[in-house]
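*Asks:* Quick one: structure below, then a few questions.
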Amino acid sequence: MGENIIEVRNVSKFYGSVLGLNEITVDFGKGITGILGPNGAGKSTLIKIIMGQIKPNMGKVTVMGEKVWNNPKVNRMLGYCPEQETFYDRMSGLEFVTYCTRLNGYSRKEAMKMAKEVIATVDLAKDMNRTISGYSKGMKQRIKIAQSLVHDPDILVMDEPLAGTDPVGRIQIMNLMYKLRDQGKHILISSHILHEVERMTENIVLINKGKLLAQGNLHEIRDSMDRFPLTVRVTCEKRKKLASILSGMENVISISYEGGSNVLLVRTGDPNMFYEGFQEIVLKEGIRIVSIDCPDDNLDAIFKYLVD
């Protein structure tokens, strides 16, 4: 198995004449991995196949080296937090998680003990006896996460866990993901909210229209995209002098000023060559650089480029 927790090989899924997934091959490693794409991209279909809820028309999936379909051993390894809210609203949080735990074969006494412990893990202990109908969106997401954790799985699969939550709820869920990762859990997070997944992990899988666009470390993906022009923001003294010098570099496509500040926006077709030449110029000319950053070196820019 090496570093791979989940392996997907040539998986396709048809819904009648509609193609949900198109021959996807992808590996999921340890830690947190983001499964990203717009609504309808095939993320939920891929997750349900990994969970063994639906069977692919073609290809195979293994979890920890075990086949997924109809395999109770794999079921015990996986915890699932679905996108849909399928609660019994009159139940309290404790009753809901206890009920889900009993479905796994535990006695009522065992299930309640386990439920209380996992509800404390997601910071809902003081609200566990409230009815779920009175929970906020963020609380509902955390109680769903609690039921996915109650049997202590090795792998957590989260389908849009941040959807609809307010800023405070999102921070709480993100912090919970970090805590679970540090405890040794491996987590798959499906989302279309690119910048929030980028805050949780640099390991990503990009999907669109049922096809795999890219996988791996987002910065490595960006570095491999030689044809993707990149914008570099430079804050400096003597910006006109620097602009004049940089305009003569072969790999510079354009230069513009950002408002009335000392900021240059430099568009380059070869980031690696630009950075090497830029360093030499700055040292030679003695121009003081206040800061340098790259607004295009992010998940949103990568995704837009790959989809267009």
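The values are calculated or read from the model by the stated rules, or taken from the named source; none is laboratory data. These numbers were taken from a predicted model, which means no experiment stands behind them. We place every Cβ from the backbone using ideal geometry, glycine too, and count neighbours over all the protein chains shown. For accessibility, only protein heavy atoms count, side chains too; no ligands or nucleic acids. Shrake-Rupley method; radii C 1.70, N 1.55, O 1.52, S 1.80 Å.
*Asks:* Can you give me the number of residues within the range 49-77 that are farther than 19 Å from Leu19 by Cβ and of a type in the set (D, E, K, R)?
*Replies:* Selection size over the range 49-77: 4.
*Asks:* On to the next question. Of Tyr80, Tyr99, Tyr135, Tyr106, which residue is among the aromatic types (Phe, Trp, Tyr), touching a strand residue (DSSP E or B) at 6+ places or on another chain (Cβ under 7 Å) and at pLDDT 90 or above?
*Replies:* Tyr80
*Asks:* Please verify whether the range 147-155 includes one or more residues that are part of a loop (DSSP other than H, G, I, E, B), open to solvent by less than 30 Å² (accessible area, probe 1.4 Å), touching a residue at least 40 places away in the same chain (Cβ under 8 Å) and among the aliphatic types (A, V, I, L, M).
*Replies:* yes
*Asks:* A further question follows. Restricting attention to the range 44-53, does a residue exist that is in a helix (DSSP H, G or I), of a type in the set (S, T, N, Q) and under 22 Å from Arg142 (Cα atoms)?
*Replies:* yes
*Asks:* Please name all residue pairs, on different chains or six or more residues apart, with Cβ atoms under 7 Å, provided the first residue is in the range 80-98 and is open to solvent by 30 Å² or more (accessible area, probe 1.4 Å) and the second residue is assigned to a loop (DSSP other than H, G, I, E, B) and of a type in the set (D, E, K, R).
*Replies:* Listed pairs, sorted by first residue: Glu83/Glu160.
*Asks:* Could you list all residues from the range 204-231 that are at pLDDT 85 or above and either in contact with a Lys or Arg (Cβ under 9 Å, 6 or more places away or on another chain) or open to solvent by less than 10 Å² (accessible area, probe 1.4 Å) (or both)?
*Replies:* Listed by number, the residues that qualify are Ile204, Val205, Leu206, Ile207, Gly210.
*Asks:* Given the criterion of a type outside the set (Ser, Thr, Tyr) and either outside any helix (DSSP H, G or I) or over 19 Å from Gly34 (Cα atoms) (or both), identify the matching residue among Lys179, Lys144, Lys126.
*Replies:* Of Lys179, Lys144, Lys126, the one residue that is of a type outside the set (Ser, Thr, Tyr) and either outside any helix (DSSP H, G or I) or over 19 Å from Gly34 (Cα atoms) (or both) is Lys126.
*Asks:* For the range 85-123, how many residues are touching a Leu at 6+ places or on another chain (Cβ under 8 Å) and assigned to a loop (DSSP other than H, G, I, E, B)?
*Replies:* So the count comes out to 2.
*Asks:* Looking at Ala115, Ala125 in this structure, which one is surrounded by 17 or more Cβ atoms within 10 Å (Cβ to Cβ), out of contact with any Gly (no Cβ under 8 Å at 6 or more places or on another chain) and not polar (S, T, N, Q)?
*Replies:* Ala115
*Asks:* For the subset of the range 166-190 comprising residues that are of a type in the set (S, T, N, Q) and surrounded by fewer than 22 Cβ atoms within 10 Å (Cβ to Cβ), which member is modelled with the lowest pLDDT?
*Replies:* Gln172
*Asks:* So, in the range 16-43, how many residues would count as being open to solvent by 30 Å² or more (accessible area, probe 1.4 Å), at pLDDT 90 or above and of a type outside the set (D, E, K, R)?
*Replies:* Counting residues in the range 16-43 that are open to solvent by 30 Å² or more (accessible area, probe 1.4 Å), at pLDDT 90 or above and of a type outside the set (D, E, K, R) gives 2.
*Asks:* Looking at the range 6-34, which of the residues that are basic (Lys, Arg) and part of a strand (DSSP E or B) is farthest from Glu160 (Cα to Cα)?
*Replies:* This residue is Arg9.
*Asks:* What number of residues within the range 129-141 satisfy the criterion of being among the hydroxyl-bearing types (Ser, Thr, Tyr) and either within 30 Å of Val63 (Cα to Cα) or not in a loop (DSSP other than H, G, I, E, B) (or both)?
*Replies:* Of the residues in that region, 2 qualify.
*Asks:* Give me a count of the residues in the range 64-84 that are part of a strand (DSSP E or B) and either over 21 Å from Gly105 (Cβ atoms) or under 19 Å from the mean Cα position of the chain (by Cα) (or both).
*Replies:* Adding up the residues that qualify gives 5.
*Asks:* Let me ask something else about it. For the range 258-266, state whether one or more residues are among the small types (Gly, Ala, Ser), open to solvent by less than 50 Å² (accessible area, probe 1.4 Å), more than 30 Å from Met64 (Cα to Cα) and not in a helix (DSSP H, G or I).
*Replies:* Yes: the range 258-266 contains one or more residues that are among the small types (Gly, Ala, Ser), open to solvent by less than 50 Å² (accessible area, probe 1.4 Å), more than 30 Å from Met64 (Cα to Cα) and not in a helix (DSSP H, G or I).
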